[in-house]
Amino acid sequence: MVDVMSAAGLLGPETDAEMLAARLAHAQRLGNLGWAEWHFHTGETTWSDQVYTIFGRDPDKGPIALPLLAEHVVPSDVAALDRLLWAALRCAEPVQAELRIRRGGNWSDLRDVRVVLEPLMGDGGAVGLHGVIQDITGRRRAERMMSESRRQLLEARERAAEERHVMLALREAILPDPACSPGLPDVRVAVRYVPAEKTANLGGDWFEAAPAPDGRLLLAVGDVSGHGLPAIAHMAQLRHALVGLAMTGRPAHRLLDWLNELVLHQIRDTTATAVIGHLDPETRVFAWSQAGHLAPVLVRDGTATPLDPPRGVLLGAAEGRPYELATTRLKPGDVLLMFTDGLVERRTRDLDVGLDLVMAAAREVPGRDLERDLEPGLDKLLADIGGPNPEDDACLLGVGILG
């Protein structure tokens, strides 16, 4: 309504000027900027209201004269101010620089300002300077915070990458070579260890596939609770203990009894799961026990079926509860799959869904030529169930009977 009245000539020129001044003042506040003029011959200095706000200066004290301006600039930026002033006098075009000033004379309240200067020209040359001063403290503070956040993120990524490298190298030093063959006739073994995508979730999954002193094949997979270096250290203790205890030739359920005692009394404040078995290459009998672990899956004639698990609780969960032994006779063409729960568990799906995916994918593992197809069959199984688990490690041990 006011603009309409002004356009119609109903308001006088003084009212128009007042409105324009009010709008300019509003624009300066929104942009946190103001203007200043310094006249060389008269020494007159003029500031807009917003410049007083930027400097935290009482308007009753008047503006700061040009020779005194350096006293309000951070000492390390005084040289930049001098260069700006000389450049403004030499150049016909506006020049600019960023400086840090102390607001209200307080060195604990520093402000980042952008200063744009151009000469005021008279008959004999420059007679003064006109400047625009903008407070860009908030912008620069946000940029510094973002830069610091990027630096911290980069350092965290570098630390995580280094930590992951160390933990994976440690695991490789502890676990047997997955490519090593047990050297038994008519038996093929393939192993896949898939580390968690997230460094912090690298855990205590382990496996073992090695000939026992009596000619049988020791097969085992297990998972120690927790993640990171503590879980890897506990995994190393447990697996090394199994390798030593297996030299006694005792059956799998007795080995689990001993491992349970070890976890209860030597690796405290943790639990573990495991499946341990012996495969006799002559009779093809697989004698196995489990401690709170997923049962092995038998793939036979295009069908995948979990074995009926014998009784057995988590390692470290209870004392004096014996483990049972189960036996399964394998046939030529059979594939036995042993795996840790990282293969089937995902935060985004139910355990039953994961097991169904494994059962469906396991049917394709044998292939036409078991000796040739076992390794790629395990790779295909991992791909079919969704690839690596970002939240947990996974071990997959496949045993094929050639016959």
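The values are calculated or read from the model by the stated rules, or taken from the named source; none is laboratory data. No experiment lies behind these values; they were computed from the predicted model shown. FYI the Cβ positions are ideal-geometry reconstructions off the backbone, even for glycines, and counts take in every protein chain you see.
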Revision key, fill the gap. Among residues of the range 32-62 being part of a loop (DSSP other than H, G, I, E, B) and among the polar types (S, T, N, Q), the residue nearest to Gln96 (Cα to Cα) is Asn32
Review point. Of Arg268, Arg284, Arg300, which residue is in contact with a strand residue (DSSP E or B) (Cβ under 9 Å, 6 or more places away or on another chain), of a type in the set (D, E, K, R) and more than 21 Å from Leu381 (Cβ to Cβ)?
Key: Arg284
Practice item. Would you be able to tell me the number of residues in the range 218-262 that are surrounded by 15 or more Cβ atoms within 10 Å (Cβ to Cβ), part of a helix (DSSP H, G or I) and of a type in the set (Gly, Ala, Ser)? Key: 7
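Please enumerate the residues belonging to the range 63-112 that are part of a strand (DSSP E or B) and within 17 Å of Gly131 (Cα to Cα). Explain how you work it out, then say what you get.
Within the range 63-112, the first condition is being part of a strand (DSSP E or B), and the residues that meet it are 73, 95-102, 110-112.
Residues satisfying the conditions are Val73, Val95, Gln96, Ala97, Glu98, Leu99, Arg100, Ile101, Asp112.
Give the residues of the range 376-399 that are at pLDDT 80 or above, in contact with a Gly (Cβ under 8 Å, 6 or more places away or on another chain) and not β-branched (Val, Ile, Thr), sorted by residue number. Show your work before the answer.
Of the residues in the range 376-399, the ones at pLDDT 80 or above are 376-386, 393-399.
Checking the rest, the ones that are also in contact with a Gly (Cβ under 8 Å, 6 or more places away or on another chain) come to 376-378, 385, 393-395, 398.
If the condition is that a residue be at pLDDT 80 or above, in contact with a Gly (Cβ under 8 Å, 6 or more places away or on another chain) and not β-branched (Val, Ile, Thr), then Pro376, Gly377, Leu378, Asp393, Ala394, Cys395, Gly398 are the ones that fit.
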Review point. Quick one: how many residues across the range 274-289 are out of contact with any helix residue (DSSP H, G or I) (no Cβ under 9 Å at 6 or more places or on another chain) and either surrounded by fewer than 24 Cβ atoms within 10 Å (Cβ to Cβ) or modelled with pLDDT under 95 (or both)?
Key: 6
Exercise for review: Please verify whether the range 287-302 includes one or more residues that are in a strand (DSSP E or B), in contact with a Ser or Thr (Cβ under 7 Å, 6 or more places away or on another chain) and not aliphatic (A, V, I, L, M).
Suggested key: no
Check your understanding: In the range 53-81, how many residues are under 15 Å from Asp109 (Cβ atoms), of a type outside the set (Gly, Ala, Ser) and touching a helix residue (DSSP H, G or I) at 6+ places or on another chain (Cβ under 6 Å)?
Key -> 1
Practice item. Kindly check whether there is at least one residue in the range 263-279 that is over 22 Å from His240 (Cα atoms) and not in a strand (DSSP E or B). Key: no
Exercise for review: Evaluate the following for Pro63: is it over 23 Å from Gly138 (Cβ atoms), buried (at least 16 other Cβ atoms within 10 Å of the Cβ) and either at pLDDT 90 or above or over 51 Å from the mean Cα position of the chain (by Cα) (or both)?
Suggested key: yes
